[in-house]
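Taking it in order: structure first as structure tokens, then the write-up.
What follows is calculated from the coordinates using simple rules that are stated; it is not laboratory data. From a predicted model like this one, the values you see are computed outputs, not experimental measurements. As a convention, Cβ positions derive from the backbone with ideal geometry for all residues, glycine included, and neighbour counts pool all protein chains shown.
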Amino acid sequence: MQTHFTAEQLANPLISEADEILRKCVHCGFCTATCPTFVLTGDERDSPRGRIWMIRDMLENDQEAPPEETGFHLDRCLTCLSCTTTCPSGVDYMHLVDIGRHHIEEKGKRDWFDSVLRKVLGTVLPRAQLAHSALFFAWLAKPLAGLFSGRVRAMLSLAPKRLRALDPVGASDARYRPKEYPAKRVALLAGCAQRAINPDINAATIALLNRFGVEVVVKKKAYCCGALSHHINDESGAKAAMRASVAAWAEELHKDGLDAVIVNTSGCGTTIKDYANLLKDDPDYAHLGAQIASMAKDVSEFLYDANLLTPLKPRAMKIAYHAACSLQHGQKITQAPKALLANAGFEVVTAKESHLCCGSAGVYNVLQPEMASQLQARKLGHINDLKADVVVAGNLGCINQLSDSDAPIMHIIELLNWAYGGDAPKELPRQ
């Protein structure tokens with residue numbers, strides 16, 4: 001793609017970075033076929049190619065107020081990164097759309113409700129205790145969701161069917177040691193919203209890792225990876241969370257050593273693996289951010305690479321594996337989860353259009369409820385067609401979004417922990 005930035009514009013590091021990314025795009029259009037929003041609307045402006053054109057024009061013209069349609073269509077992007085899997089030219093769409101959104105946030109103006117909602121989400125969700133309290137009130141009001149419309153209705157509808165206790169993992173620094181001398185030692189991101197919604201995921205992760213000789217360290221100060229704030233353009237909140245997590249894990253790394261930083265929510269994993277870029281301009285955290293990013297592993301990736309889990313006999317249970325976008329597109333991890341499930345004796349199946357997003361995408365299902373609900377219905381239809389016994393995924397957002405599936409849905413680590421001698425997940429059908 002041709003660009004026409006001035007020398008003065010290119011002196012801005014963000015514009016210079018955008019120019020380098022834009023020039024790789026050859027307008028081939030392969031990305032349009034795999035973009036969820038374009039598949040739904042057929043509008044070129046809801047495709048990566050269309051958004052790339054709009055970002056280029058917006059940045060080149062450097063208008064005082066960016067075009068409203070550019071902001072509208074960038075907001076409708078899920079950042080699922082399916083386009084990056086398809087792109088033959090290696091266009092770094094993830095960072096380009098970040099630059100575009102940063103520009104709009106800096107120069108544009110949102111309506112008051114959108115601004116307030118984003119502020120509330122950015123304040124509440126990254127803090128587990130606040131998120132849990134908010135979920136309690138949403139859970140109480142959920143029966144009244146039909147009285148509301150739009151984003152308020154979406155927020156109430158997303159409250160879990162049953163309220164769980166706040167996950168104690170992450171409330172304080174802790175070490176979870178295996179019975180024998182540990183073969184490996186890892187730090188685990190306890191997470192924020194996940195602690196408020198499902199405490200069983202961290203418990204199953206720790207139990208399984210301990211059972212196979214892995215010591216797990218949890219640091220209270222690593223309270224959030226920063227992804228939620230980053231996705232709604234709250235850069236100060238995002239960077240604060242990132243710096244706190246990096247500092248906490250670096251302290252542990254330099255004290256007793258770590259083999260990896262384990263993440264069991266793939267959306268968080270994609271962000272942590274990008275810390276080298278996200279913190280590159282921070283003189284105090286750039287080096288540590290890159291170091292932590294290089295050590296980050298999804299829990300399925302870690303288990304697969306370490307070859308810790310022994311093969312089990314086949315069992316009569318069909319598992320529908322839902323590939324979270326942040327795992328298959330963001331981290332390019334496609335085989336490890338399915339291989340682990342097959343190794344544990346399960347029959348593994350995947351749904352049609354498995355490359356398309358379910359519509360969760362962080363807080364997208366709150367900010368863009370209409371588009372999210374269409375993607376949710378499309379995904380649920382394909383999953384239900386499989387007639388599986390259980391549905392598994394590696395990302396809490398997807399699990400919440402697909403909770404109305406015909407088969408019970410759970411985190412892959414919960415199922416694997418049970419298969420290797422741990423507690424049965426509460427959602428598991430009686431055997």
Check your understanding: Which value, to two decimals, describes the C-alpha radius of gyration of the range 26-69 once divided by 2.2 N^0.38 Å?
Key -> 1.25
Revision key, fill the gap. Within the chain, the percent of DSSP beta bridges that are antiparallel, given to the nearest 5, stands at 15 percent
Revision key, fill the gap. If Lys387, Lys297 are placed from fewest to most neighbouring beta carbons inside 10 Å, the sequence is Lys387, Lys297
Study note, to complete from the structure: Computed Rg/Rh for the chain (Cα atoms; Rh = Kirkwood radius) stands at 0.96
Study note, to complete from the structure: Here the convex hull volume per residue of the range 310-419, taken over Cα atoms and given in Å³, is 89 Å³
Study note, to complete from the structure: With Rh as the Kirkwood radius over Cα pairs, the range 338-391 has Rg/Rh of 1.08
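Given the peptides 98-107, 153-162, arrange them by the average over their residues of other C-beta atoms within 10 Å, most packed first.
Values: 98-107: 18.6, 153-162: 16.6.
The packing order, highest mean first, is 98-107, 153-162.
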Review point. Under the definition of Cα pairs under 8 Å and six or more residues apart, what whole-number percent is the relative contact order of the chain?
Key: 13 percent
Exercise for review: Indicate the gyration tensor shape class of the range 7-107 (rounded, prolate or oblate), computed on the Cα atoms with a ≥ b ≥ c the square roots of the eigenvalues: a/c under 1.5 is rounded; otherwise a/b larger than b/c is prolate and the rest oblate.
Suggested key: oblate
Practice item. Can you spot the lysines whose alpha carbon is less than 16 Å from Lys142's alpha carbon? Ignore those fewer than 8 places along the same chain. Key: Lys161
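Count the net charge of all other residues whose Cβ sits under 9 Å from the Cβ of Glu353, scoring Lys and Arg as +1 and Asp and Glu as -1.
Working: positive: Lys352, Arg378, Lys379; negative: none.
Neighbourhood net charge equals +3.
Place the peptides 304-311, 417-424, 195-202, 211-218 in order of packing, highest mean first, counting for every residue the other Cβ atoms within 10 Å and averaging per peptide.
Working: 304-311: 13.9, 417-424: 16.6, 195-202: 23.8, 211-218: 20.2.
Ranked by mean Cβ neighbours within 10 Å, highest first: 195-202, 211-218, 417-424, 304-311.
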Check your understanding: For Ser373, Ser294, Ser236, Ser326, what's the fewest-to-most ordering of other Cβ within 10 Å of each Cβ?
Key -> Ser236, Ser294, Ser373, Ser326
Point to revise | Neighbour-count ranking [beta-carbon atoms within 10 angstrom, fewest first] of Asp114, Asp298 | key: Asp114, Asp298
**Study point:** Structure-based [θ]222 nm, the chain - -39500 (n - 2.57) summed over DSSP H runs of at least 4, per residue, nearest 500
**Key:** -14000 deg cm²/dmol
Review point. Which of the aspartates and glutamates could a cross-linker bridge to Lys221, judged by Cα under 12 Å and excluding same-chain residues fewer than eight apart?
Key: Asp173, Glu251, Glu252
Review point. Past the 32 Å Cα-Cα mark, which pairs from Lys109/Lys280; Lys379/Lys426; Lys219/Lys387; Lys255/Lys297; Lys107/Lys297?
Key: Lys219/Lys387; Lys107/Lys297
**Study point:** Nearest-20 debye value, the range 7-107 charge dipole, Cβ charges on Lys, Arg, Asp, Glu
**Key:** 480 debye
Point to revise | Cross-link reach list, aspartates and glutamates versus Lys352, counting only Cα pairs under 19 Å and skipping chain neighbours closer than eight places | key: Asp385, Asp389, Asp404, Asp406
